[in-house]
Every structure is written in C-alpha cells, then in structure tokens.
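Taking it in order: structure first as structure tokens, then the write-up.
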Amino acid sequence: MNKNLIQYIFGIADNCLILGQRLGELCGHGPSLETDIAMTNISLDLLGQTRSYYQYVAKLQGGDATEDTVAFLRLEREYKNVLLVEQPNTDFAYSIARQFFFDVFHLALLNELQNSKDEMLKAIANKSIKEVSYHVRFSSDWTKRLGDGTEESHQKIQTAINDLWIFTDELFHQTDADKDMVQQGIGVDVTLLKDEYYKKVSSILEEATLEIPQVEYFQKGGKMGVHSEHMGYLLSDLQYMQRTYPNMTW
C-alpha cells in the first residue's frame with residue numbers, strides 16, 4: 001500500500017467532498033431557481049469526482065475498505081482538505097467567493113494532473129475537467145455580477161473576498177506526501193501554479209470592480225489535518241447516518 005499516494009489523493013479528493021457538502025447545504029436556498037439548481041449540480045459534480053478518488057483509495061487500502069468507509073469513518077484530523085472549502089455559507093456572496101477561489105485553482109490542478117504517470121488519476125482528471133471548466137465560468141460570472149451590480153451586492157462580495165482571501169495561499173502548500181508524488185511524476189507541483197492563479201483571480205476581481213486584498217498573513221493547517229472550528233459541525237452532519245447505523249447500505 002502506497003501511503004504517500006493515498007495521502008496525496010486525500011489532499012485532492014477531500015476538497016471536493018467538503019465543498020460538495022457545503023454546496024449541498026444550499027439546496028433550496030438559492031437566490032433564484034436556476035442558480036439554486038446550478039449550485040446543486042456543482043455539488044453533485046464534486047461528489048461524483050470524490051467517489052472516483054475514494055474508490056481508488058479503497059482499492060489501494062484493500063481489505064474491507066470501501067468508498068463509504070473512506071468518506072464517513074475517518075476522524076477530523078484525517079481529512080486533508082484546505083481550510084477554504086470548509087468555511088460556512090455565511091451568505092450567497094461568501095458561497096460564490098469561496099467557490100470562485102477554489103474553482104480557479106481546481107481547473108489549473110486538473111489541467112496538470114492530466115499528465116500524471118498514475119493512469120487512474122489521469123483518467124479522473126480527464127473526466128472531471130469539463131465539469132470544472134463550467135464551475136469556473138459559473139463562479140467567475142457571479143463574482144462579476146455581484147461586484148459590478150448594486151451597491152449592496154458590491155459591498156457583500158467585497159467583504160467575502162476580503163475575509164476568504166487569507167485561505168487562498170494554502171492551496172499552494174505542499175505536504176511531504178505531495179513532494180514525494182511530484183518527484184515520482186504522479187502529483188502536480190502546485191507551487192508552479194501560484195503566480196498564474198493570482199494573476200487570473202486578480203484579473204477577474206478587477207473586471208468585477210473589486211479591490212484585491214493586501215494581506216501578509218495567510219491561514220493554513222487543513223492540509224495537515226488541523227481544521228477550523230467549522231469542520232467538526234460539518235462532519236457531524238456528513239457522517240451522522242453511517243455512525244448512527246454502522247455498516248448500513250443504501
């Protein structure tokens with residue numbers, strides 16, 4: 001069992017699971033029916049990608065491991081998602097800003113992951129990239145609409161951008177497992193994506209008439225399993241059925 005490969009996959013897949021769960025909380029609460037359905041579909045896209053990753057992890061782990069045990073039976077410190085994706089749905093602007101920051105990174109990651117020497121990760125990236133391309137268009141368009149909309153919408157999205165900006169730098173941190181996978185030609189060197197990421201994000205923010213935050217300190221820890229106070233509440237919802245009725249099947 002390649003432990004570093006498993007940890008590397010968690011670093012990608014857990015982002016999709018946790019953000020998919022956050023978006024699922026919004027089902028029925030969108031500002032319009034069309035937008036509500038769109039965000040629910042994005043959630044389903046992310047959860048579908050998660051299933052592919054977790055099925056691969058279960059195969060690598062062997063034994064009685066399944067995609068469900070991987071998803072529902074880990075402890076909080078065993079999840080390797082970045083802090084950004086676990087931040088709560090404070091309001092619609094926060095949900096859009098969080099999605100936008102992640103989508104731009106996710107698309108860049110999948111573009112490079114298509115070159116992985118791991119055939120399974122390569123196949124998942126090839127399958128997922130069309131979906132994530134749409135995610136980027138959706139969140140970018142809404143960022144522009146809110147930023148260049150009414151005075152209230154501008155203020156709300158600017159506040160969300162300011163508050164969530166401190167979580168973006170963690171997207172480009174590397175764990176020891178990440179570094180090992182990069183050396184083997186399996187993983188993506190995310191440090192090489194950083195400059196283009198901020199260039200793309202800044203360009204869209206400027207088009208949305210939004211100010212680019214100027215901060216020196218960024219929050220991190222999620223990729224090492226050290227999460228924010230929001231993560232425990234999210235997992236209590238996510239894992240409730242499986243922990244209440246162990247070994248349940250659908």
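Quick check, is residue 21 of a type outside the set (Val, Ile, Thr), in contact (Cβ under 8 Å) with a residue 24 or more places away in the chain and either part of a helix (DSSP H, G or I) or open to solvent by less than 60 Å² (accessible area, probe 1.4 Å) (or both)?
Numbers: of a type outside the set (Val, Ile, Thr): yes; in contact (Cβ under 8 Å) with a residue 24 or more places away in the chain: yes; either part of a helix (DSSP H, G or I) or open to solvent by less than 60 Å² (accessible area, probe 1.4 Å) (or both): yes.
Yes, satisfied.
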**Complete:** Here the residues within segment 195-225 that are over 30 Å from residue 151 (Cα atoms), touching a Leu at 6+ places or on another chain (Cβ under 9 Å) and open to solvent by 60 Å² or more (accessible area, probe 1.4 Å) are 220
**Message:** Restricting to segment 149-172, and then to whatever is free of Cβ contacts under 8 Å to residues at least 12 places away in the same chain and in a helix (DSSP H, G or I), can you tell me which residue is surrounded by the fewest Cβ atoms within 10 Å (Cβ to Cβ)?
**Reply:** 151
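Quick check on my filter: what residues within segment 44-68 are of a type in the set (Val, Ile, Thr) and under 20 Å from the mean Cα position of the chain (by Cα)?
Quick first cut of segment 44-68, residues of a type in the set (Val, Ile, Thr) only: 50, 57, 66.
Across segment 44-68, the qualifying residues are 50, 57.
Counting just the residues of segment 173-194 that are over 16 Å from residue 7 (Cα atoms) and hydrophobic (A, V, I, L, M, F, W, C), which one comes out surrounded by the fewest Cβ atoms within 10 Å (Cβ to Cβ)?
The first filter runs over segment 173-194 and keeps only residues over 16 Å from residue 7 (Cα atoms), leaving 191-194.
Remaining after also requiring hydrophobic (A, V, I, L, M, F, W, C): 192-193.
Numbers: 192: 12, 193: 19.
Looking at residues that are over 16 Å from residue 7 (Cα atoms) and hydrophobic (A, V, I, L, M, F, W, C), I get 192.
Every residue, every condition in (1) among the polar types (S, T, N, Q); (2) assigned to a helix (DSSP H, G or I); (3) crowded, with 22+ Cβ neighbours inside 10 Å, yes or no:
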site	(1), (2), (3)
26	no, no, no
30	no, no, no
37	no, yes, no
49	yes, yes, yes
56	no, yes, no
64	no, no, no
69	yes, yes, no
77	no, yes, no
**Message:** Exactly one condition in (1) assigned to a loop (DSSP other than H, G, I, E, B); (2) under 23 Å from residue 21 (Cα atoms) is false for residue 217; which is it?
**Reply:** (2)
**Request:** For residue 245, indicate whether it is farther than 29 Å from residue 162 by Cβ and open to solvent by 100 Å² or more (accessible area, probe 1.4 Å).
**Result:** yes
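The values are calculated or read from the model by the stated rules, or taken from the named source; none is laboratory data. The structure displayed is predicted, hence computed values, not measured ones. Don't worry about glycine lacking a Cβ; one is built from the backbone with ideal geometry, like all the others, and counts go over all protein chains shown. Please note that ligands, DNA and RNA were not included when accessible areas were found on the heavy atoms of the full protein model with its side chains. Shrake-Rupley method; radii C 1.70, N 1.55, O 1.52, S 1.80 Å.
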